[in-house]
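Below is one structure, written out as structure tokens; comments come after it.
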Amino acid sequence: MSKLNKNAFEFVPGRAFRVPQPGGTITPPPQPIERPQQTEAPAPAPTISLNIGGSRPPPPAQPVERLPPAEAPAPPPTISLNIGGAKPAPAPAPIAPSPIPAVAVASQPSQTQTSRSSAAASTSASPAPSTASSKTFTTEKAKTDTTAIAQEVQNLADQETLKDLFGDTKEHLNIVFIGHVDAGKSTMGGNILYLSGMVDKRTMEKYEREAKEAGRETWYLSWALDSTPQERLKGKTQEVGRAYFETSSRRYTILDAPGHKTFVPSMISGAAQADVAILVISARKGEFETGFEKGGQTREHIMLVKTAGVSKVVVVINKMDDPTVEWEQARYNEIKDKLTPFIKAAGFNPKTDATFVPVSAYTGANLKDRVAKSVCSWWNGTSFMEHLDKMPMIERKINAPLMMPVSEKYKDMGTIVVGKIESGHLRKGDSLVLMPNKVTVEVAGIYNEMEDEVDRALCGDNVRIRLRGIEDEDISPGFVLTSPSRPVHAVRQFEAQLAILDHKNIICAGYSAVMHCHTLAEEVTLSALLHYFDKATGRKSKKPPQFAKRGQKIVALLETAQPICVERFADYPQLGRFTLRDEGKTIAIGKVTKLIEGYVEEATEGVGNLVVSGGNVAA
């Protein structure tokens, strides 16, 4: 250091600058602090991760077990915010868990307070790790989660309160009984009504007495559904019978379709209103073979219900108590093996869409209660009504535009229409449009299957509606009740994809047949054949075919004399699939692919309103 400037700073490597003390004395540097020897691992810092819309956050690393005997500190709490991402994985348990010291919780008061409400609310929803309370935010822990709220309401409110507030909340299914004539469809339906309590014992005894007097002693069960004198006299269902029953979990509407080939059009209109088909097969020797041969109705009925939009079929093998059968497993398996390939060919999956159940409709065995082991030792499945209750529910389009095809109409203190609501919902007092006439009507009353008046009806319900603003003479089966905001299409021409099933001659342009679509039966003409599908490649041909024959798939232009209510199959399957019948046989099945909305009607109406006088044209 220079002696010329005593107050100058002194620079010594490794020592900080220091102002020299007056008098020239230099204080010695302080002694270095002695740090104690480290015997335990330091606590790791808290991990904070923010995950917005990303994937599942990785689980925190497991703490490593330390060998020194000193107690290892508790791992820090993990704060993770997951917004819109996947469900976070639970934190894995540590290798050597240790009790949480009270100091660890007290050292982070803010984090503990902020997460206390969410952690307390979710103690039952997701288990927390044993070492520290998890602060992960998920929808499971949110109080606004809809499933949690619905479950809480279910737990707090009793069934009577819920029923009083929301009405009867049982699921509803429409089932149609199909099969060959004399298979036992009406007998089975009548016995189900009796077993479920819809028809009392006194009424059944009355039917039994009347049937005995008429010489039809074994037919009394079918009289619960066959109500007209002609049906009771001949024992043949002619019109679709309707009935209603309910179990502890669901409500059902029975549609009893006729089995005779003369009444197939009635059977089609019944199948169009059903969700599930019950194919009744007679196990009696000779009867099954007659129904399943080429002229029998079993084959045609399976094809028709698939075309009508039924997605599930329950094959009920009836008359198992017959002396020619005696509940033999060999006969059951024989019928099952013969039917399975044909059910598969019709478009049903034998594993998921079809179920086989052996029953005796006359004695009631295996209908409601399972058949006794003393009668049938080999059957371990459910009874028929148990199976119906456990079937997966059909998806309903409740929030779609209203569409209800009219299946029948009559006059009773006003105009009454009957039908199944295919989509949407309606309430009493709603203003609707009846297509294709485009008449505005008002809903004056809604009646359910039990003839009780209700204030609303949902998709899938079979209802009777009293209409105001139209006479019953102006309504025909096949008309559609629809919402004014999105009415159903009414067209005279449409393109459709057809599969020719059975026809003795070739089909050319100009061919006419009767089209059955939902509840509609209308004569159509194939005005042009547009394409055919190559069987090998499945591609459409560029050139139009000259004719179509059995087994071919074609695209054709169909035309009707009057506008009809149809929709594209892709938009509304129930109003877009149809059957063509001619000479008492099913010729083809098809689906609507394109609607052609022309202006022919508007032009015709405009010309009709013209008045020509003295060369001047005035509208």
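A short reminder: the numbers here are calculations on the coordinates, not readings from a lab. Computed from a predicted model, the values in this text were never measured in an experiment. With ideal geometry, Cβ positions are generated from the backbone for all residues, glycine too; neighbour counts draw on all protein chains shown.
Computed quantities for the displayed model
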{"read-out": "Cα-centre dipole for the range 391-495 with unit charges at Cβ (Lys and Arg positive, Asp and Glu negative), debye to 20", "value": "380 debye"}
{"read-out": "Relative exposure of 298, 560, judged by other C-beta atoms within 10 Å (fewest first)", "value": "560, 298"}
{"read-out": "Only Lys, Arg (+1) and Asp, Glu (-1) charged, at Cβ; the range 490-602 dipole about Cα centre in debye", "value": "800 debye"}
{"read-out": "Amide H partners (placed H, <5 Å) of residue 367, local residues excluded", "value": "360, 384"}
{"read-out": "For the range 490-602, with +1 on Lys and Arg beta carbons and -1 on Asp and Glu, the positive-most of 500, 524, 562 along the dipole", "value": "500"}
